[in-house]
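S.K.: Quick one: this structure, given as structure tokens, is what I'll be asking you about.
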Amino acid sequence: MATEPLLSVVVPVYNEAEGIAYFHERASAALKALDGLDYELVYVDDGCKDGSFEIMRAFAADDPRARIVKLSRNFGHQIAITAGLDYARGDAVVFIDADLQDPPETIGRLVEKWREGYDVVYAQRAKRPGETAFKLFTASFFYRLLRSVANIDIPPDVGDFRLISRRVADVLRGMKEKDRFIRGLVSWVGYKQTAVLYNREERHAGETKYPLRKMIKFALDGITSFSTAPLRIATWMGNAASTVAFIYLLVIIAQSFMGVTVPGFASIMVAVLFLGGVQLICLGILGEYLGRVFSEVKPRPIYIVEEEVVGGLSAVEKSVAAHAAHSVGLIA
Ligand code: UDP
Ligand code: MG
């Protein structure tokens, strides 16, 4: 049998028990429909606590095209994708969410562009039903901020739903930074990139696994790993505060010449608080970067795999072999 090119589809899964079986069904149908292409579905169990793993193991047992990489705890979406990428063997790799917000049928259009010779094909959102106005506003603000502040061009309204070629996947695997902002790293790599427009659908089941706390961490990772502009904000604020303080000094001197002798308690407090505030902000910004340096210098692996499940029936032997082959990539 002539070997067809292999497409790896990486699916990060965090507590998706309600929808994961349906996802597998729909994604498999969409992938089977692609001509001249074999596929594998690499599910990354990002520390699910709701029985998603058992559901996935059940459908993987009958499906040699499914594999599960079970992480030892919840490492977060971006790291789950990283783990899936390390285990993906395909000539091209697609990242897709498990909640069917990114329709698997779009993968065919990503593949078409890849066949035309593009190395990165991102799916750009045209419509996003079912998302709160707050999420839409913060997302649009964030992408625009990132564009103006980062030294690289990250296209707006693009998530991690995208296809990357094997050579981009290999470059990405070599980037071992701990605070990962995958869509930024992919833009940074370069090569021929293009977009395909799609309509983002509503979540099929369950709730978003991105609470505000995770969104803020994600946004900070994005900005601080691609830009040193916030460090400059500190300098500007310091300059502004000193300028204001200097002008105020002149005012005080002038006043004392004019015989104004009752200096206001309030004005002193304002000056002290203002400068204190500026200093704390600057310390915070420095701390943000220092924290990142700290996490980069610790030689810890990015993620820990607890178990790998290879789909199909002869699962046990395959699992042992695949595990041995991959444990090298595991220790970052
Ligand atoms: N996810 C994950 N780890 C996490 C949070 C989310 O693997 O800590 C997965 C989740 O199961 C889904 C994808 O990442 O497949 C995107 O998450 P979600 O749909 O909750 O984000 P949203 O679409 O609301 O931005
Ligand atoms: Mg979602």
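Laboratory data are not the source of any read-out in this text; all were calculated from the coordinates shown. All of these numbers come straight from a predicted model, not from anything done at the bench. Cβ sites come from the backbone with ideal geometry, for glycine too, and all protein chains shown count toward neighbours.
S.K.: Using the Kirkwood radius over Cα pairs, work out the Stokes-Einstein diffusion coefficient for the range 147-243 at 25 °C and 0.890 mPa s, in µm²/s as a whole number. Before the final figure, lay out each step's value.
M.R.: On the way: Rh = 16.1 Å.
D, rounded to a whole number, is 153 µm²/s.
S.K.: Turning to a different aspect of this structure: If you build the Cα gyration tensor of the range 1-127 and take the root of 5 times each eigenvalue, what three semi-axes come out, in whole angstrom, biggest first?
M.R.: Equivalent-ellipsoid dimensions as semi-axes: 23, 16, 14 Å.
S.K.: I've got another one for you. Please check the chain for the longest run free of GluC sites (Glu not before Pro) that are loop-located per DSSP (anything but H, G, I, E, B) and have at most 10 other Cβ atoms within 10 Å. Could you put the intermediate results ahead of the total?
M.R.: Values: sites that count: Glu116, Glu207.
Within the chain, the longest run free of exposed GluC sites (Glu not before Pro) spans 208-332.
S.K.: Amide H neighbours of Ile302 under 5 Å, counting only residues 5+ apart in sequence or on other chains, H built in-plane at 1.01 Å?
M.R.: Distant-sequence amide H within range of Ile302: Ala332.
S.K.: Then there's this: Report Rg (one decimal) and Dmax (nearest whole number) for the chain, counting Cα atoms only, units Å.
M.R.: 25.0, 99
S.K.: Let me ask something additional. Which loop-located trypsin sites (Lys or Arg not before Pro) does the range 41-121 contain, where loop means any DSSP state but H, G, I, E or B and the Cβ has at most 11 other Cβ atoms within 10 Å? Intermediate results must be reported in sequence, preceding the final value.
M.R.: Numbers: sites: Lys49, Arg57, Arg65, Arg67, Lys70, Arg73, Arg89, Arg109, Lys113, Arg115; in loops: Lys49, Arg65, Arg73, Arg89.
Loop-located and lightly packed - Lys49, Arg73.
S.K.: Residue-wise, which Karplus ³J(HN,Hα) couplings in Hz belong to the range 204-210, taking 6.51 cos²θ - 1.76 cosθ + 1.60, θ = phi - 60°, and x for glycine or proline?
M.R.: Running phi through 6.51 cos²θ - 1.76 cosθ + 1.60 with θ = phi - 60° gives 5, 8, x, 10, 4, 9, 10 Hz.
S.K.: For the range 1-148, with only Lys/Arg (+1) and Asp/Glu (-1) charged at the beta-carbon, what is the dipole magnitude about the Cα centre, in debye rounded to 20? Before the final figure, lay out the partial values.
M.R.: Details: 18 positive and 23 negative charges, 125 e Å.
Dipole of the range 1-148, to the nearest 20 debye: 600 debye.
S.K.: Can you tell me the FRET efficiency between Ser267 and Phe141 if r is taken as the Cβ-Cβ distance and R0 is 25 Å, rounded to the nearest 0.05? Walk me through the intermediate numbers first.
M.R.: Working: r = 36 Å, r/R0 = 1.43.
Computed FRET efficiency for Ser267 and Phe141: 0.10.
S.K.: Within the chain, which complete DSSP H helices have Cα atoms spanning at least 30 Å along the helix axis and a mean Kyte-Doolittle hydropathy of -1.0 or higher? Could the numbers behind the result be given before it?
M.R.: Values: long enough: 229-257 (42 Å, 1.29); 265-297 (47 Å, 1.63).
Those that clear 30 Å and a mean of -1.0 are 229-257, 265-297.
S.K.: Helix-derived [θ] at 222 nm for the chain: sum -39500 (n - 2.57) over DSSP H runs of at least 4, divide by residue count, nearest 500? Walk me through the numbers before you get to the answer.
M.R.: Details: 11 runs with 170 residues, N = 332.
One gets -17000 deg cm²/dmol as the mean residue ellipticity at 222 nm.
S.K.: Further question on the same structure: For Cα pairs less than 8 Å apart in space and 6+ apart in sequence, what is the mean separation divided by the residue count of the chain, i.e. the relative contact order in percent? Numbers along the way, then the final one.
M.R.: Working: 514 pairs, mean separation 75.7, N = 332.
So the answer I get is 23 percent.
S.K.: Which lysines have a Cα less than 22 Å from the Cα of Lys32, not counting those fewer than 8 places away in the same chain?
M.R.: List returned: Lys113.
S.K.: Given that compact globular proteins tend to follow 2.2 N^0.38 Å, what is the ratio of the alpha-carbon Rg of the range 1-51 to that value?
M.R.: 1.33
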